[in-house]
Structures are given as C-alpha cells and as structure tokens.
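I have placed the structure first, in the form of structure tokens, so that the comments after it can refer back to it.
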Ligand SMILES: NC(=O)c1ccc[n+]([C@@H]2O[C@H](COP(=O)([O-])OP(=O)(O)OC[C@H]3O[C@@H](n4cnc5c(N)ncnc54)[C@H](O)[C@@H]3O)[C@@H](O)[C@H]2O)c1
C-alpha cells in the first residue's frame with residue numbers, strides 16, 4: 001500500500017503511506033495518481049488534501065528504488081506534479097515533520113500548502129551531487145523569492161516551516177496549523193473549495209531587482225565555496241533559468257542540468273558515500289531485527305587523550321559516563337580537558353551554558369572498580385600494551401555485571417587475545433575511535449572471533465546514536481584503516497628516497513583532494529607512533545622493504561609538531577609547516593649511502609602510487625573478509641582519513657579509473673627497481689576483477 005484514500009465530507013484525503021518517510025516509490029506514486037483521479041471524478045468531492053502518514057509528509061525519492069527501473073516508471077514525479085498542477089479542484093498539501101526533496105517538489109505542485117510548525121523543509125539533492133530535478137529550482141524561487149530559495153537549494157539544509165512562513169511576502173505556506181494538522185487542512189480545503197482561478201505556482205511571477213548582478217555574485221560565491229563539486233554552481237544556473245526563461249523552458253533547463261550531473265564522477269562519488277553510509281550498518285549475517293542490549297550507562301577506563309574524547313560522545317548523547325583511572329590527578333586532568341573542550345564550544349557560540357552544565361552533570365569519576373560494575377558497557381582506553389590491557393580485562397571480567405559489553409579502543413592489538421583474558425569473549429568487542437574522538441566521525445567496530453551478534457548489533461546502533469559512521473572490521477593488524485595506511489606510508493617513504501621532497505608529496509596529494517598529505521599527517525599524529533609500530537612489526541620481517549628515512553627522522557628527535565620539528569620545521573606555537581633544510585640533508589645523505597641518484601617524480605606518479613597502495617591493500621582486506629564490502633573501506637577513508645569525498649573513497653576511485661587500468665599502472669610501478677616489485681603484485685581479488693572487467697562495487 002503506497003497511499004490511502006478517504007473522503008471527509010466534501011474533501012478527499014490522500015495519505016502517503018510508505019514507511020519510514022513516505023518515499024515516493026512506485027506504489028506511492030500510483031496511489032497518489034489514482035487518488036487524484038478518483039477525487040476529480042467524484043462529484044461529491046470539492047477539494048483534495050494530500051498528506052503523509054507516520055513520521056513524515058515525504059522524505060522525497062524512495063532510496064530503496066534507486067537505480068532500479070521502477071524509479072522512473074510512470075507515473076513519475078514530474079507527471080504527478082503536472083497532474084496536481086492541472087487538477088480542476090483545489091489541492092491542499094498538508095506538510096508535517098519532514099518535507100524534503102521530491103516531497104517538497106510534490107507539495108509545490110499543489111495549489112495550497114499548509115504545515116505543522118516544526119516541519120523540516122529542504123531540497124537536499126545537492127548533497128548527493130545533484131540539483132532538484134522535479135521543478136524545485138523553478139517553483140521554490142517563485143514562492144520564497146530568489147535569494148531565500150537559492151540559499152536553500154545550494155546548501156541543501158532544512159529550514160523549519162514556521163521560519164519560512166514568517167518571511168515577508170512568502171507564498172510557500174498559506175497557513176501554519178497548530179493542533180491537529182489533518183483537521184486543520186480539511187477545514188482549510190473547505191474554505192478554499194470554491195475559489196477560482198486555482199493558484200498555480202508555475203503561474204507566479206518571478207523577478208529580482210538586480211537579477212543579473214545578483215546571479216553573477218551568487219555564482220562567484222558558490223564557485224569559490226564548492227571547489228571540487230559541480231552541483232552547487234548548477235543550482236545557481238537552474239535558478240538563473242527560472243528568472244530568465246518561461247516556466248516550461250526553465251523546467252527543460254533544470255532537467256538538462258540534472259541529467260548532466262547524474263553521470264559526473266563527483267555525483268557518483270557522493271551517491272556512493274550516501275549509500276555507503278547506510279550500507280555500513282548492514283552486516284551480512286546480523287539481520288536487522290537482531291535483539292540489542294540496553295545501554296544506559298557507560299564506564300570508560302583511562303582518562304587520557306582518547307578516554308576523554310570517547311566520554312564526550314556519550315555525554316553529548318545524554319548517556320551517563322563514569323571514568324576510571326589509576327590516580328586522582330589523571331582523573332582531574334581528564335575532567336578538566338573535557339570541561340575545557342565544552343567551554344571552548346560555549347565561547348564559539350556552539351553550545352549553551354546550560355547544556356554544558358547538563359553534560360558535565362552526567363560525568364562521574366572513580367578510582368575503584370567496584371563503582372563501575374553496574375555499567376551496561378565499558379570502554380577501555382589505557383596504554384597500548386598487551387600487559388596493561390590484560391590486567392584491565394581480567395579485572396573487568398571480575399567486576400562487570402553479567403551481559404555488560406566489554407570494549408577495547410586498541411588501535412593495533414589483537415582483540416581476540418584481549419577477549420581471551422575474560423571468561424566471556426562473546427561480550428568483548430573493539431571500538432576503535434579516531435583522535436580527536438569527540439570530533440572524528442569514524443568508528444571502527446572490531447568484531448572478534450567470538451563476539452556475539454547482539455553485542456555487534458548493539459554497538460553499531462550505539463555508534464549511530466553518538467553520530468558516528470560505524471564500520472565493522474574483522475581482527476587483523478591495524479584493522480581496515482591503519483592496515484591500509486601502513487602501505488601508503490611505505491610508498492611515501494619510497495617516493496622520498498627516489499627524489500621527491502615531503503613538500504612535493506604533500507602538495508600533490510592535497511591537490512588530489514586529501515585533507516592532508518602523509519608527511520604533514522605524520523607530523524600532526526607524531527612520527528614516533530609509526531616508529532614504534534615499525535619496530536614491533538618489522539623486527540621479524542627482514543624481508544619487509546621500507547625507507548629508513550622515517551626512522552632516521554625519529555632518531556633526530558623530530559617526532560613532529562609536539563617536538564617542534566618533524567618532516568617540517570615549526571615556529572613555536574604555530575602549525576604552519578616550513579620545509580626543513582635538515583631533513584633535506586638527512587634524506588640526501590641517506591640516498592647517497594644507498595647509491596640512489598634522485599630523479600624528478602611527477603605529481604601524477606606520486607598520487608597514484610599512494611592511492612593504489614591503499615587500493616591494493618583494500619582488495620586484500622576485502623578478500624580476507626576483514627571488510628564485508630568495498631563501500632565499508634571507502635567509508636573508513638572518507639570519514640577517518642581525509643580522503644576526498646568527491647572521489648568517493650579509494651575503492652570507488654579505483655572503480656572509476658577502471659580496475660584494468662589500475663593493474664596496468666601497478667605493473668609499471670613494479671618495474672621500477674627502486675620500488676618494491678612484491679609491493680605491486682596485485683591482490684588476487686584485484687587481478688581477478690580487472691581481468692573480468694568488473695569493479696569492486
Ligand atoms: N591517541 C590516538 O590517536 C589513538 C587513536 C585510536 C586509538 N588509540 C588507543 O587508545 C588507547 C589510549 O590511548 P591514548 O592516546 O588515550 O593514551 P593516553 O596515554 O593519552 O591515555 C591513557 C590513560 O590510561 C590511563 N591508564 C593506564 N593504565 C591504566 C590502568 N591500568 N587503569 C586505568 N587507567 C590506566 C593512564 O593514566 C592515561 O591517562 C590506546 O590503546 C591507543 O592505542 C589512540
């Protein structure tokens with residue numbers, strides 16, 4: 001059932017009914033079309049109300065239908081809107097909760113619109129690299145004025161109905177209805193049932209006192225802000241069309257712009273990320289209805305960098321947290337840092353003082369394990385040493401109530417081994433937050449061999465609750481993200497050895513769109529971290545080739561920003577990276593010792609050696625089942641590692657280049673004697689897909 005039909009007095013009520021948000025899927029569109037026909041054919045009906053059941057008027061296109069033939073099947077959205085436009089009896093759209101995208105465009109095809117206060121109104125298409133394609137760019141300016149409409153279309157952000165209704169001269173809403181919306185809408189429909197001519201948005205005049213100047217200004221502004229994304233500028237073009245062209249020509253212009261965007265790599269990347277985010281929460285063998293454990297109280301062990309940030313996530317979500325430490329002063333420091341972070345938000349006007357107080361009131365501290373036993377979940381964020389983790393987990397096994405979830409924030413240690421310290425390995429899981437944990441979107445949820453399905457389902461849902469992008473990773477050294485970045489770092493080292501400078505590598509990668517190149521990132525995170533990992537990991541892998549320049553750097557005490565020097569020099573208190581003469585000398589000496597004659601390396605080679613090293617390791621991770629789908633790997637890189645969103649993540653990028661081409665390029669890299677031929681051996685999955693002309697996604 002996509003929509004219901006009923007008659008109330010002389011008013012027909014058509015109710016969209018396609019949970020969860022009344023997406024405009026095929027059945028719903030048919031339901032609306034037949035409802036309108038029925039109402040027009042019924043002499044007893046004098047007006048029509050169009051509304052939505054449940055939690056929305058309509059959230060727009062039905063994402064379940066995306067990419068399927070049903071999506072465009074008649075009646076399509078444009079046809080429906082024309083049908084409303086042409087109806088000979090007044091149509092009143094009654095909006096509540098959510099009216100977005102195609103849902104709002106549908107409402108703009110009605111003759112009148114009423115809304116409940118608090119309705120979120122938006123045309124969010126730009127967020128998936130598109131422009132509204134069913135008249136949104138032509139009709140919204142006609143009811144809200146060019147400037148307000150363009151702001152909404154370019155940003156895609158929702159605005160509340162009462163805010164829009166209060167704008168002088170607006171024609172979006174004829175009435176805001178407090179109380180029962182449907183009763184109010186039916187009464188309003190009765191009130192206007194005899195009014196003629198029927199007001200159609202398409203007939204409304206659109207003008208702007210300085211149209212050309214305004215559009216020129218808007219186009220420049222948007223171009224500057226949109227950078228690598230083409231859609232925002234096309235939004236301006238579409239609205240400019242609304243100003244200049246007759247309605248039907250403006251519609252044709254909108255459609256052409258929409259279709260032009262559909263096939264751009266940026267739009268594909270954004271759609272990939274949009275669906276990837278949703279797909280990440282779907283785990284092949286953990287069905288949607290898997291029961292979840294109740295999480296009403298969290299304990300965090302360790303109040304250091306990560307423990308504090310992790311705690312803030314839960315405080316923000318209104319979940320009480322108790323932090324445990326070994327010493328009071330560590331607790332005091334941890335609490336002070338949390339408070340300082342919140343205070344900074346208050347100062348920037350991002351948080352109200354009463355919210356700060358409420359959040360801090362949810363935080364308590366202890367030195368005694370007896371105080372945390374009743375928590376529903378405990379997250380360990382102590383030093384990264386197996387011995388310390390062992391002590392903590394043995395203690396947790398003793399004190400935590402039955403059914404509590406025991407999580408570790410370890411970034412490199414074996415979660416199965418940690419689970420084995422307890423008598424309840426089914427309750428143990430990894431929750432790998434990224435630093436700063438209160439800011440970074442990514443949460444790698446590490447599924448141990450014995451982790452119970454309900455534990456996994458609970459932690460994934462909790463991830464959503466604290467607004468993270470939670471991605472499941474199997475157990476392996478480095479999990480998805482750090483395991484891939486290790487290969488990327490190795491390549492970065494080879495590039496330096498062969499003749500590139502840290503600055504050139506960083507600039508090339510940043511031009512490709514990364515938030516930060518590998519050397520600036522190393523300086524920010526601390527080069528000593530990678531050093532320690534290499535010492536541990538490569539000690540019994542003498543065959544592992546890597547450039548020793550990073551070790552030499554650390555031997556010079558250049559750990560990065562925290563020591564005032566790393567791959568770059570830093571002025572006291574400043575973060576600007578200044579190319580370093582000392583580093584250049586160190587690298588030159590190293591090259592000479594290795595007998596390497598440096599060569600010019602192109603930016604293109606730099607970028608592809610780095611990105612394909614991610615892709616190849618990603619393919620291995622997929623093949624081993626560490627990630628269950630390619631889009632999960634992309635979500636890790638988009639949300640945790642600053643991979644450019646407009647490229648959709650490493651696997652999506654490789655698909656767009658074509659896996660055959662990726663493998664061919666890797667063969668060229670393998671032939672370079674200064675590189676590592678074994679490194680460039682394509683992962684079997686990559687080789688297979690490339691040979692079959694297939695893609696990761
Ligand atoms: N810093 C990062 O970028 C990052 C990112 C992801 C994961 N991690 C992981 O998070 C964990 C914590 O890292 P961090 O950077 O917050 O370290 P940190 O040194 O800042 O904090 C560790 C805290 O744990 C406390 N602690 C140590 N042993 C304890 C014990 N037995 N009982 C109670 N408290 C104890 C210490 O007093 C310290 O305050 C590590 O496993 C690390 O690998 C760190």
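Every number in this text was worked out from the coordinates using simple rules, so none of it is lab data. Values in this document were obtained by computation on a predicted structure and should not be read as measured data. Cβ atoms come from the backbone with ideal geometry, glycine included; neighbour counts cover every protein chain shown.
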Length added when fully stretched, residue 412-residue 507, from 0.36 nm per residue minus Cα-Cα: 31.3 nm
Per-pair calculated FRET efficiency, R0 = 51 Å: residue 41 and residue 346 via Cβ, rounded to 0.05: 0.25
Distribution of pairwise C-alpha distances over the chain, 10 Å bins, in %: 3, 13, 20, 21, 20, 14, 7, 2, 0, 0
Separation of the residue 34 and residue 361 label points, Cα + 7 Å toward Cβ, nm: 5.4 nm
Pairwise centroid distance, computed over Cα atoms, of segment 361-418 with segment 174-246, Å: 54 Å
Fewest-first sequence of 68, 580 by Cβ atoms within 10 Å of each Cβ: 68, 580
Reciprocal of mean inverse Cα separation for segment 284-395 (Kirkwood radius, Å): 15.1 Å
Sorted by Cβ neighbour density within 10 Å, fewest at the top, the residues 183, 528, 368: 368, 183, 528
Amide N of segment 430-471 lying under 11 Å from the label point, which is placed 7 angstrom from the Cα of residue 515 along Cα→Cβ: 434-437, 439-442
Estimated [θ] at 222 nm from DSSP helical runs (n ≥ 4, -39500 (n - 2.57)) normalised by residues in the chain, nearest 500: -15000 deg cm²/dmol
Extension gain (nm, one decimal) between residue 305 and residue 391, 0.36 nm per residue minus Cα-Cα: 28.9 nm
Alpha-carbon spread of segment 1-132, three principal axes, descending order, Å: 44, 35, 24
Pairwise label distance in nanometres, residue 435 with residue 274, each label 7 Å out on the Cα-Cβ vector: 3.6 nm
Whole-Å semi-axes of segment 481-691's equivalent ellipsoid (Cα gyration tensor): 28, 19, 16
Contour excess over end-to-end distance, with Cα ends at residue 333 and residue 228 and 0.36 nm allotted per residue: 33.6 nm
Estimated inter-spin distance, residue 178 and residue 541, nm [label 7 Å along Cα→Cβ]: 6.7 nm
Distance cut-off 26 Å, percentage of C-alpha pairs in segment 139-285 lying past it: 42 percent
Residues of segment 301-326 with amide N under 20 Å of the 7 Å Cα→Cβ point at residue 374: 301, 315, 318-325
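For the chain, what is the percent of antiparallel DSSP beta bridges, rounded to the nearest 5?
30 percent
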At q = 0.09 Å⁻¹, base-10 log of I(q)/I(0) for segment 298-475 (Debye sum, equal scatterers on each alpha carbon): -0.28
Using a Förster distance of 35 Å, the FRET efficiency for residue 160-residue 88 (Cβ separation, nearest 0.05): 0.60
Amide N of segment 417-450 lying under 19 Å from the label point, which is placed 7 angstrom from the Cα of residue 467 along Cα→Cβ: 433-444
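List the relative contact order of segment 299-409 as a percent without decimals, with contacts defined as Cα pairs under 8 Å and 6+ residues apart. Don't skip to the end; give the middle numbers.
On the way: 156 pairs, mean separation 35.1, N = 111.
Here the relative contact order equals 32 percent.
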Cβ-Cβ FRET estimate between residue 597 and residue 532, R0 fixed at 35 Å, reported to 0.05: 0.60
Exposure proxy order (Cβ contacts within 10 Å, fewest to most) of 680, 567: 680, 567
In Å, descending, principal axis extents of the Cα set of segment 463-540: 46, 37, 18
